Amino acid sequence: MPTPSNQNIDNQSEQDQTSAAPMASLALKGLRVLDLTRVRSGPTCVRQLADWGADVIKIEAPVDTAQLGGPRSGADFQNLHRNKRSLTLDLKSDAGAATFRKLADTADIIVENFRPAVKKRLGIDYDTLSVTNPRLIYASISGFGQDGPMADRPGFDQIAQGMGGLMSITGEPGAGPMRVGIPIADLCAGLFAAQGILIALFERSHSGKGQWVQTSLLQAQVFMLDFQAARFLMDGDVPKQAGNNHPTSIPTGVFKTSDGYMNLAVTGNNIWAKFCNVMDRPDWSENPHYATAPARSEHRDALGAEIDAITSQRTTADWIDLFTTAGVPAGEINDIGQVFANPQVRHLGLAQKYTSQERGETELVGQPILMSRTPSHIAAPPPKAGQHSEDLLTEIGLSKEEIAAMKASGAT
């Protein structure tokens, strides 16, 4: 399958008749999304919809205040807000709130990540807006949920990583809790919210009704504990830090080579036997300390030292060639620059070129999903604040005089 950067995407360059922005894909054509999100979890959710062709309208304050997450020219903002249009509205003003409610009647989806009480105070909550738009799908992302004893706490990714257990199983044993190097609670909450929206859209095709979709950083983080959570819930086992060692599959982890380090993943007896042959240590398969998975777990440190003594005699590239030929999973440990120089990453077209209004020609990471008929690409850079305000207000029926009055009052 050709990569997005090489595909013929002429059919995606067509513009929706109600939109001034080119479409990123045909997959979600015809869906209108109002984006009330800030920081990361919410924009991550909305980016999934924008990148697949929804008409996303980013609602921003009329005064260009400092953006949480950095300036518009920053890499973070550019990464999160491509393929959107921008409308400035003061939701605290009567005119701005009334205009938003009118716009909400035309929307399929609204996404917000305010603290739970804010939307009710502004009169833009699901219960209010669904009265006049019963097909509305309203997605809320919060730190800890929309209700409950901690619902009003301010949420932040690292707080959720700690409360959700991830930091207790990350890092070297005895070195204290360690955060993951990406905002994984934010990112997963955003992705789960996007999944929830798509589920609600599918259900709406049968029922004709919208619904309120909710998730939080805490819920996302606990769910992402996955097999570690299952170990506790089913067996009462409280997992601990294991550093680079896999907690249950041994030997899986980081091992020295003559020019650096590599990852090995030796899972199951079949791969273990292949691994022993590559290492020229078939005797390990008969050694009672190493022959079985429980034995290897008990003698993990001794086995790791023996492996390191052998792997440190050849280069990473040599070992990966040997292990790959034998069918033993092995891989380089790349820095970010090496990631994007990797021939497979380049083949998959993950870095996509686009023209930023603030930075000129540059690149961003595109969607990690390839579609044979409706691929995604970066069709439009992040908009300037209010870039499409007049067009959007005209679309919902406001006259030039009404728009001028809103501008004069600071409502847009």
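Rundown of residues vs (1) charged (D, E, K, R); (2) under 19 Å from the mean Cα position of the chain (by Cα), yes/no style:
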residue	(1), (2)
P375	no, yes
P381	no, yes
Q387	no, no
D391	yes, no
S399	no, no
A405	no, no
A408	no, no
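Please determine, by comparing only the residues of region 203-258 that are of a type in the set (S, T, N, Q) and in a strand (DSSP E or B), which one is farthest from the chain's Cα centre (by Cα). If we take residues in region 203-258 being of a type in the set (S, T, N, Q) and in a strand (DSSP E or B), then T257 is farthest from the chain's Cα centre (by Cα). State which residue is modelled with the lowest pLDDT when the search covers only region 90-148 and only residues that are among the β-branched types (V, I, T) and surrounded by fewer than 19 Cβ atoms within 10 Å (Cβ to Cβ). If we take residues in region 90-148 being among the β-branched types (V, I, T) and surrounded by fewer than 19 Cβ atoms within 10 Å (Cβ to Cβ), then V118 is modelled with the lowest pLDDT.
Per-residue answers, yes or no, for (1) in contact with a helix residue (DSSP H, G or I) (Cβ under 8 Å, 6 or more places away or on another chain); (2) of a type outside the set (V, I, T):
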residue	(1), (2)
D321	no, yes
V328	yes, no
E358	yes, yes
M371	no, yes
H377	yes, yes
A385	no, yes
T394	yes, no
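Close contacts from region 202-230, counting a first residue that is in the same structural domain as Y138 (by TED's automatic domain parsing) and a second that is of a type in the set (K, R) and part of a helix (DSSP H, G or I), with Cβ to Cβ under 8 Å and a gap of 6+ residues or different chains, come to G210/R204; Q211/R204. Do we find a residue being of a type in the set (D, E), exposed (fewer than 13 other Cβ atoms within 10 Å of the Cβ) and modelled with pLDDT under 95 anywhere in region 300-316? Yes: one or more hits. Taken over region 370-411, residues that are in contact with a Gly (Cβ under 9 Å, 6 or more places away or on another chain) and closer than 21 Å to F77 by Cβ amount to 4.
Among the listed residues S216, S207, identify the single one that is touching a helix residue (DSSP H, G or I) at 6+ places or on another chain (Cβ under 9 Å), under 29 Å from T44 (Cβ atoms) and among the hydroxyl-bearing types (S, T, Y).
Only one candidate passes the filter, namely S216.
Here A27 does not fit the description of being free of Cβ contacts under 8 Å to residues at least 60 places away in the same chain, more than 13 Å from E112 (Cβ to Cβ) and not in a strand (DSSP E or B). If you take the residues of region 284-299 that are at pLDDT below 95 and outside any loop (DSSP other than H, G, I, E, B), which of them is surrounded by the fewest Cβ atoms within 10 Å (Cβ to Cβ)? So, considering only residues that are at pLDDT below 95 and outside any loop (DSSP other than H, G, I, E, B), the one surrounded by the fewest Cβ atoms within 10 Å (Cβ to Cβ) is P294. If you go through region 85-111 and keep only what is of a type in the set (K, R) and without any contact (Cβ under 8 Å) to a residue 60 or more places away in the chain, you end up with K92, R101.
Scanning region 171-196 for residues that are in contact with a Lys or Arg (Cβ under 7 Å, 6 or more places away or on another chain) and part of a loop (DSSP other than H, G, I, E, B) yields P173, P183. E390 fulfils the conditions (1) loosely packed, with under 14 Cβ neighbours inside 10 Å; (2) part of a helix (DSSP H, G or I); (3) charged (D, E, K, R) except for a single criterion, (1). Contact map, region 112-126: first residue within 15 Å of S93 (Cα to Cα) and assigned by TED's automatic domain parsing to the domain that holds L34, second residue surrounded by fewer than 19 Cβ atoms within 10 Å (Cβ to Cβ) and among the basic types (K, R), Cβ cut-off under 8 Å, separation 6 or more or different chains; pairs are L122/K92; G123/R101; I124/R101.
K58 passes every criterion in (1) surrounded by fewer than 21 Cβ atoms within 10 Å (Cβ to Cβ); (2) part of a strand (DSSP E or B); (3) among the charged types (D, E, K, R) apart from (1). Evaluation of I320 against the conditions (1) surrounded by fewer than 16 Cβ atoms within 10 Å (Cβ to Cβ); (2) within 30 Å of D335 (Cα to Cα) shows that the sole unmet condition is (1). When you scan region 100-128, how many residues do you find that are within 17 Å of V33 (Cβ to Cβ) and part of a helix (DSSP H, G or I)? Number satisfying all stated conditions: 7. When F227 is tested against (1) aromatic (F, W, Y); (2) over 23 Å from L103 (Cα atoms); (3) buried (at least 20 other Cβ atoms within 10 Å of the Cβ), only condition (3) is not met. Screening T325 on (1) in a loop (DSSP other than H, G, I, E, B); (2) assigned by TED's automatic domain parsing to the domain that holds M262; (3) surrounded by fewer than 15 Cβ atoms within 10 Å (Cβ to Cβ) shows it passes everything except condition (1).
The values are calculated or read from the model by the stated rules, or taken from the named source; none is laboratory data. This structure is a prediction, so every number in the text was calculated from the model and none was measured. Glycine also receives a Cβ, built like all others from the backbone with ideal geometry; neighbour counts cover every protein chain displayed.
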